[in-house]
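Student: Sharing a structure, written as structure tokens. Questions coming.
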Amino acid sequence: MGIGLKQFAPGHRTCAGCGSAIVFRHVLEALGDDVIICQATGCMEVTTTPYPETSFKVPWIHVVFENAASVASGVKRSLKAQGNNHTRVVAMGGDGGMIDIGFGAVSGALERGEDIIIMVYDTEAYSNTGLQRSGGTPFGASTTTSPAGKKIPGKQEWKKNIAMIAVMHGAKYVATANPAFWADLQAKIKKAYKLEGGPRLIHIYSPCPVGWHVEPSKTIKVAKLAVETGLWMLYEVEEGKLKINYKPKEFKPVEDYFKLQGRFKHLLGRKDIMEKIESHVREWWETMEKVEKEGINLLKMI
Amino acid sequence: MSKTKQRKDLPGGIITDIGSTARNKTGSWRTFKPVVNLEKCTGCGICEKFCPEGCITIQKVEGYDKPKCTINYDYCKGCLICMEECPFKVISSVVEEK
């Protein structure tokens, strides 16, 4: 039986080669049946539940962009009041729903220490509405609201780091994952499922072939390159202790990653910008590796 | 999970017919069709892990001892991730004819 088919039916309307659909299969398989999902508006809501149909085979509720984490908090508290301590409640949303629009609710749930799992599938733009720039969009990417022109080469701000923001809220468990490393992704979801008594946030890279102008068949290739170039780091923070799960022996040049994607094609040949990105990535890795090596408890920074 | 039907006595917006998108056969979207060379398929299951539709299953196929990659063409949208990711390059693509 295909991955996650027990929880997630085929026939959904995601584009061919959708990275988020691969992410959802693995996440839902890892979560199992004893779960309630509260999902914000976004690609994976629109495509999976055209009324009166649903792809989900587990309890699922659609809420607006802003409040997936709040609804999940309420559902969990209600379950607890009824004496149900086993069912896990998951707030799911994209980068728009969780990093930008619903960020207030996510921040609130993290701060209150709600006993929920927050899952962010990050397509690095508002893919559902035609690729507008979001807080998750990386530096240099061209979107419809940060178009690459003669003067400004795409988005000029760095990506918002939702995982570290969650750590600074004192979250119980925070991890980043990538569908190309599916075993690691499933293990992290299972770990978040097992832990109790506090918010757990998983930030997952979800390639969007249509929005990023990538060949549908190259979805996983792009996802793998994001990790191998160092642009996407696989790490987890448990009780304030950072652990980097995968360290490439040698970083591949970011050009390898950019040349597969239309959203970065204006950067090909721009050595200055690529060097800026590479040095930013290097410094980020150096800092993170230092934190890991010295065993710094990040919770002591709060 | 038991099979359920859409109930009529509930207020609007509640879907009781779980997994019902399965009636939408997305196989009709396909332009390229992945075809597996069963002779060479080792049944490693990498394609199964990366199929967005979940329409690849590694299972027993008649005439072979080992389980092999089988594709459910009812739902395959023809993204060809399986072809790209197959480590043994046993999946090829042909133009879909209808």
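Student: Considering every Cα-Cα pair within chain B, what fraction, in whole percent, is farther apart than 17 Å? Show your work: numbers first, answer last.
Tutor: Details: 2745 of 4753 pairs.
Tail of P(r) above 17 Å: 58 percent of Cα pairs.
Student: Pop out the ³J(HN,Hα) list for segment A:93-106 in order, Karplus 6.51 cos²θ - 1.76 cosθ + 1.60 with θ = phi - 60°, rounded to Hz; leave Gly and Pro as x.
Tutor: The phi angles translate into x, x, 5, x, x, 10, 8, 10, 5, x, 4, x, 5, 5 Hz.
Student: Let me ask you something else. Could you sort A:R25, A:R77 by their accessible area in this structure, using a 1.4 Å probe and putting the largest first?
Tutor: Values: A:R25 5, A:R77 135 Å².
The ordering from most to least exposed comes out as A:R77, A:R25.
Student: Considering only protein heavy atoms, what per residue accessible area in square angstrom results for the protein assembly as shown with a 1.4 angstrom probe?
Tutor: Values: 17560 Å² over 400 residues.
Ligands and nucleic acids excluded, the figure is 44 Å² per residue.
Student: Moving on to the next point. So what is the relative contact order for segment A:1-126, in percent, with contacts set as C-alpha pairs under 8 Å and at least six apart? Walk me through the intermediate numbers first.
Tutor: Numbers: 211 pairs, mean separation 33.0, N = 126.
Once divided by the residue count of segment A:1-126, the mean separation gives 26 percent.
Student: Enumerate the amide H contacts of A:I36 below 5 Å, restricted to partners 5 or more residues apart or on another chain; note that Pro and chain-start residues carry no placed amide H.
Tutor: Here A:R88, A:V89, A:V90 satisfy the definition.
Student: While we're looking at this one, here's another question. Using a Cα-Cα cut-off of under 12 Å, which aspartates and glutamates could be cross-linked to A:K80, ignoring same-chain neighbours fewer than 8 residues away?
Tutor: A:E114, A:D115
Student: Which Cα, out of B:S28, B:G78, B:G43, lies furthest along the positive dipole direction of chain B (beta carbon charges, K/R +1, D/E -1)?
Tutor: Of B:S28, B:G78, B:G43, it is B:S28.
Student: So, one more: Show the residues, 5+ positions off or on another chain, whose built amide H is closer than 5 Å to the amide H of A:T54.
Tutor: When sequence neighbours closer than 5 places are left aside, the close amide H contacts are B:G19, B:S20, B:T21.
Student: Run the helix sum for chain A: -39,500 (n - 2.57) per DSSP H stretch of 4+ residues, divided by residue count, reported at 222 nm to the nearest 500 deg cm²/dmol. Kindly include the intermediate steps, with their values, before the conclusion.
Tutor: Values: 10 runs with 102 residues, N = 302.
Result for chain A: -10000 deg cm²/dmol, rounded to the nearest 500.
Student: Taking Cβ-Cβ under 4.7 Å as the only way to count a partner, pick out the unpartnered cysteines of chain B.
Tutor: Among the cysteines of chain B, those whose Cβ sits 4.7 Å or more from every other are B:C41, B:C44, B:C51, B:C55, B:C69, B:C76, B:C79, B:C86.
Student: Could you rank A:E236, A:E29 by how accessible they are, 1.4 Å probe, largest area first?
Tutor: A:E29, A:E236
Student: Which residues' amide hydrogens lie under 5 Å from the amide hydrogen of B:K68, considering only partners 5 or more residues apart or on another chain, with H built in the peptide plane?
Tutor: B:Q59, B:K60, B:V61
Student: How much accessible area does A:S146 have with a 1.4 Å probe, in Å² rounded to the nearest 10?
Tutor: Counting only protein heavy atoms, the figure is 10 Å².
Student: A further question on this structure: Determine the total buried accessible area between chain B and chain A, counting protein heavy atoms only with a 1.4 Å probe; round to the nearest 100 Å². Mind dumping the intermediate values first?
Tutor: Working: alone 7140 and 13230 Å², together 17560 Å².
When B and A are taken together, about 2800 Å² of accessible area is lost.
Student: Please state the relative contact order of chain B as a whole percent: Cα pairs under 8 Å, 6+ residues apart?
Tutor: 33 percent
Student: Summarise the accessible area of the protein assembly as shown (1.4 Å probe, protein heavy atoms) by the percent that is carbon and sulfur.
Tutor: Working: 9630 of 17560 Å².
Of all accessible area on the protein assembly as shown, carbon and sulfur atoms account for 55 percent.
Student: At a 1.4 Å probe, which residues in segment B:37-83 are at least 20 Å² less accessible with all protein chains present than in their chain isolated?
Tutor: B:E48, B:K49, B:F50, B:P52, B:E53, B:G54, B:T57, B:Y75, B:K77, B:C79, B:I81
Student: Excluding A:F8 itself, calculate the net charge of residues whose Cβ lies under 12 Å from the Cβ of A:F8, where each Lys or Arg counts +1 and each Asp or Glu counts -1. If you can, show how the numbers build up before the last one.
Tutor: Values: positive: A:K6, A:R25, A:K57; negative: A:E29, A:D33, B:E53.
Residues near A:F8 contribute 0 overall.
Student: Do you know the relative contact order of chain A, to the nearest whole percent, from alpha carbon pairs under 8 angstrom that are 6+ apart? Don't jump to the answer; show the numbers that get you there.
Tutor: On the way: 608 pairs, mean separation 48.2, N = 302.
Relative contact order of chain A: 16 percent.
The values are calculated or read from the model by the stated rules, or taken from the named source; none is laboratory data. Since this is a predicted model, take the numbers as computed values, not measurements. For neighbour counting, all protein chains shown are included, and Cβ atoms are generated from backbone atoms with ideal geometry for every residue, glycine included. Note: accessible area is taken over every heavy atom of the protein model, side chains too, but ligands, DNA and RNA are not part of it. Shrake-Rupley method; radii C 1.70, N 1.55, O 1.52, S 1.80 Å.
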